[in-house]
Amino acid sequence: MMKLKLLVCCHKEDTKVENEYYIPIHVGKSNSDKDLHITGDNSGDNISHKNGSYCELTGMYWAWKNLKDTDYIGLCHYRRYFDFSDPKFSLPSKVINTNSFNKLEFGIPENIKKELQSGTVILPRTESSKLSLYAEYCIGHYSEDIKIVESVINKLEDKRYSTAYDKVMYDNNEFFPYNMFLMSWKEYDKYCSWLFTVLEEVESLIDISDYNPYQKRIFGFMAERLLNVYVAANNLTVKEYPVLFVSNDKHETSIYPLHKLRRIINKISSKYASPKKNP
């Protein structure tokens, strides 16, 4: 059997996938009074207490430090999964209701296993806006924060990352969203070593004590962009797959905060040209 684990990040009792490949993990367990009867991210070496600002990254960190005997590792969310059923699906995502979701069988198809064994990284289908990723971040969050990320990356000895950052953030309007991925453990170890080193330095330079709960999710938002920087800097082979959303049936659009932001940004961007980096 392929030694592969896909983390299913959860923070409340809800529908989710759990089988030989998919492992539900309670992210932010140390801050929660709930018992979801699943693995928590608060054992061993962990940053569970930072979940309010690191989001699903606390589960990612836990797996990096504590998960053993795994050759391939991935991350998805309790209502957001890779859709491996139809690789030719033309849209980046689709929505199903809970009843339909509960009838599905989730496994890892043979073609996915072969792609992983060849060194391919599985990522969500790219999404885009009319503005650069840098401009989009500045509109949705605080511009000074992303400038600090840039300054930290520019100080790294490996200049591949500063070159990739400029390309991804200033000269590009597409990215792989949601911090979802599936890759070899070897690549995951390299990615986590780089990502958490960068975020730890950024965290030491930003005071988020006055941020509202949404903006306090800052390091999860940053990681969404930084995954794209890492992929570009390391010239990784990527295969994109659509994302399957499970609606909450009562407020279906609530699972699309990023899409809502994109609609706002696209309206604003009609007045402006796509910005480039200032000299």
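The values are calculated or read from the model by the stated rules, or taken from the named source; none is laboratory data. Predicted, not measured: the structure shown is a model, and the values here were computed from it. Counting neighbours? That spans all protein chains shown, and the Cβs are built from the backbone with ideal geometry, glycine included.
Working only within the stretch 37-61, note down all residues that are touching a helix residue (DSSP H, G or I) at 6+ places or on another chain (Cβ under 8 Å) and within 27 Å of Gly107 (Cβ to Cβ).
Start the filter on the stretch 37-61 by keeping residues that are touching a helix residue (DSSP H, G or I) at 6+ places or on another chain (Cβ under 8 Å), which leaves 40-58, 60-61.
Scanning the stretch 37-61 gives Gly40, Asp41, Cys55, Glu56, Leu57, Thr58, Met60, Tyr61.
Would you be able to tell me the number of residues in the stretch 27-51 that are more than 20 Å from Cys192 (Cβ to Cβ) and small (Gly, Ala, Ser)? Give the steps one after another, and end with the answer.
So in the stretch 27-51, the residues more than 20 Å from Cys192 (Cβ to Cβ) come out as 31-38.
Next, from what is left, pick out any that are small (Gly, Ala, Ser): 32.
Final tally of qualifying residues: 1.
So which of Glu150, Glu110 ends up being more than 17 Å from the chain's Cα centre (by Cα), closer than 30 Å to Leu4 by Cβ and of a type in the set (Asp, Glu)? Steps first, please.
Numbers: Glu150 fails: closer than 30 Å to Leu4 by Cβ.
Of Glu150, Glu110, the one residue that is more than 17 Å from the chain's Cα centre (by Cα), closer than 30 Å to Leu4 by Cβ and of a type in the set (Asp, Glu) is Glu110.
Considering the stretch 126-167 alone, what residues qualify as being at pLDDT below 95, surrounded by 17 or more Cβ atoms within 10 Å (Cβ to Cβ) and within 20 Å of Phe181 (Cβ to Cβ)?
Scanning the stretch 126-167 gives a single hit, Glu127.
Would you say Asn212 is more than 14 Å from the chain's Cα centre (by Cα), closer than 23 Å to Cys10 by Cα and modelled with pLDDT of 95 or more? Spell out the reasoning first.
Details: more than 14 Å from the chain's Cα centre (by Cα): yes; closer than 23 Å to Cys10 by Cα: yes; modelled with pLDDT of 95 or more: yes.
Considered against the rule, which asks whether it is more than 14 Å from the chain's Cα centre (by Cα), closer than 23 Å to Cys10 by Cα and modelled with pLDDT of 95 or more, Asn212 comes out as yes.
Working only within the stretch 61-97, note down all residues that are surrounded by 18 or more Cβ atoms within 10 Å (Cβ to Cβ), within 25 Å of Ser247 (Cβ to Cβ) and at pLDDT 90 or above.
Gly74, Leu75, Cys76, His77, Tyr78, Arg79, Arg80, Tyr81, Phe82, Asp83
Which one of these does Thr120 not meet: (1) in contact (Cβ under 8 Å) with a residue 12 or more places away in the chain; (2) over 25 Å from Ala233 (Cβ atoms)?
Here Thr120 clears every test but (2).
Output the number of residues of the stretch 9-58 satisfying the condition of being touching a strand residue (DSSP E or B) at 6+ places or on another chain (Cβ under 8 Å), under 19 Å from Arg79 (Cα atoms), surrounded by fewer than 23 Cβ atoms within 10 Å (Cβ to Cβ) and not basic (Lys, Arg).
Result for the stretch 9-58: 12.
Considering each of Asp210, Asp189 in turn, give the residue that is in contact (Cβ under 8 Å) with a residue 12 or more places away in the chain, over 19 Å from Val152 (Cβ atoms) and either in contact with a Cys (Cβ under 7 Å, 6 or more places away or on another chain) or of a type outside the set (Phe, Trp, Tyr) (or both). Spell out how you get there, then give the answer.
Details: Asp210 fails: in contact (Cβ under 8 Å) with a residue 12 or more places away in the chain.
Matching residue, one of Asp210, Asp189: Asp189.
Output the residue which, of all residues in the stretch 1-44 that are among the polar types (S, T, N, Q) and in contact with a Lys or Arg (Cβ under 8 Å, 6 or more places away or on another chain), is modelled with the highest pLDDT.
The residue in question is Asn42.
Listed residues Tyr188, Tyr211, Tyr178; which is surrounded by 15 or more Cβ atoms within 10 Å (Cβ to Cβ), of a type in the set (Ser, Thr, Tyr) and part of a helix (DSSP H, G or I)?
Details: Tyr211 fails: part of a helix (DSSP H, G or I); Tyr178 fails: part of a helix (DSSP H, G or I).
Being surrounded by 15 or more Cβ atoms within 10 Å (Cβ to Cβ), of a type in the set (Ser, Thr, Tyr) and part of a helix (DSSP H, G or I) holds for just one of Tyr188, Tyr211, Tyr178, which is Tyr188.
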